[in-house]
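In what follows, a single structure is set out as structure tokens and then discussed.
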Amino acid sequence: MYETGDYVICRNGGVWKIIGVRMDAQAAGPAEYVLSAHEAHEKEMTVPEGGDEIVRKIADKETIADAIGRIPYIRTIQAPNEKTRMAFYEEAMSKYDEVEWIKVIKSVYLRRQKGIKSPEAAYAARAVQYLHSEVAILLDIPFADVENFIGESVTQNT
């Protein structure tokens, strides 16, 4: 069960904050959670308790720091063709894991550096949204500053 104030990862929409819990008078637990989007606070949604929309709470600071420290050593996604690569990206994103998001971001970034364009940019954008939101919340820095923070952290640790 989640509580008001918890930040959670949602399957179809990134990081959200639980701003309310509506109780079910007939049952012993909550009926639904009221969520507010991390970056767009005016955007709200409700999800049923026990449903599959909420994947997990956001990571803790140690997990994020570890993932950022490992960026230079995280392997990229390699595939023989675009269809297979897209399947690998989809699989990585479905794990809702920081290291998997970094794989996607890093893979797409390096392919772009080589001048390769393909529909994989949407996966990278989604991965950036998830990862950067977690970092912004946990380290209490503006979302817009996260990319620079990660870049500086990687540079200092290599």
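The values are calculated or read from the model by the stated rules, or taken from the named source; none is laboratory data. Since we're looking at a predicted model, the values are computed, not measured. Every residue, glycine among them, receives a Cβ derived from its backbone with ideal geometry; neighbour counts consider all protein chains shown.
Tell me yes or no: at least one residue of the range 90-109 is out of contact with any helix residue (DSSP H, G or I) (no Cβ under 9 Å at 6 or more places or on another chain), at pLDDT below 95 and not basic (Lys, Arg).
Within the range 90-109, not a single residue is out of contact with any helix residue (DSSP H, G or I) (no Cβ under 9 Å at 6 or more places or on another chain), at pLDDT below 95 and not basic (Lys, Arg).
Please specify each residue of the range 22-53 satisfying the condition of being modelled with pLDDT of 85 or more and either part of a loop (DSSP other than H, G, I, E, B) or in the same structural domain as residue 128 (by TED's automatic domain parsing) (or both). It would help to see each step written out before you state the result.
Start the filter on the range 22-53 by keeping residues that are modelled with pLDDT of 85 or more, which leaves 22, 31-37, 43-53.
The answer is 43, 49, 50, 51, 52, 53.
Any idea which of 9, 19 is in a strand (DSSP E or B), surrounded by fewer than 17 Cβ atoms within 10 Å (Cβ to Cβ), at pLDDT 90 or above and among the aliphatic types (A, V, I, L, M)?
Values: 9 fails: surrounded by fewer than 17 Cβ atoms within 10 Å (Cβ to Cβ).
So the residue among 9, 19 that is in a strand (DSSP E or B), surrounded by fewer than 17 Cβ atoms within 10 Å (Cβ to Cβ), at pLDDT 90 or above and among the aliphatic types (A, V, I, L, M) is 19.
Quick check on my filter: what residues within the range 131-157 are over 18 Å from the mean Cα position of the chain (by Cα) and more than 19 Å from residue 72 (Cβ to Cβ)?
Within the range 131-157, the first condition is being over 18 Å from the mean Cα position of the chain (by Cα), and the residues that meet it are 152-157.
If the condition is that a residue be over 18 Å from the mean Cα position of the chain (by Cα) and more than 19 Å from residue 72 (Cβ to Cβ), then no residue fits.
Which helices (runs of 4 or more DSSP H) sit wholly inside the range 66-158 and have at least 3 residues that are touching a strand residue (DSSP E or B) at 6+ places or on another chain (Cβ under 7 Å) and touching a residue at least 24 places away in the same chain (Cβ under 8 Å)? First the steps, then the outcome.
Working: elements: 82-94, 98-113, 121-139, 146-156.
Where helices (runs of 4 or more DSSP H) fall fully within the range 66-158 and carry at least 3 residues being touching a strand residue (DSSP E or B) at 6+ places or on another chain (Cβ under 7 Å) and touching a residue at least 24 places away in the same chain (Cβ under 8 Å), they are 121-139.
Identify all residues within the range 103-128 that are within 23 Å of residue 62 (Cβ to Cβ), over 10 Å from the mean Cα position of the chain (by Cα) and of a type in the set (A, V, I, L, M); write none if there are none. I'd like the intermediate steps shown before the answer.
As a first pass, look at the range 103-128 and keep what is within 23 Å of residue 62 (Cβ to Cβ): 103-106, 127-128.
In the following step, the residues that additionally are over 10 Å from the mean Cα position of the chain (by Cα) were identified as 103-106.
Of everything in the range 103-128, those that are within 23 Å of residue 62 (Cβ to Cβ), over 10 Å from the mean Cα position of the chain (by Cα) and of a type in the set (A, V, I, L, M) turn out to be 104, 105.
Which residue, of 54, 116, 137, is out of contact with any helix residue (DSSP H, G or I) (no Cβ under 6 Å at 6 or more places or on another chain) and crowded, with 20+ Cβ neighbours inside 10 Å? Quick ask: steps written out before the conclusion?
On the way: 116 fails: crowded, with 20+ Cβ neighbours inside 10 Å; 137 fails: crowded, with 20+ Cβ neighbours inside 10 Å.
None of the other options fit; the residue is 54.
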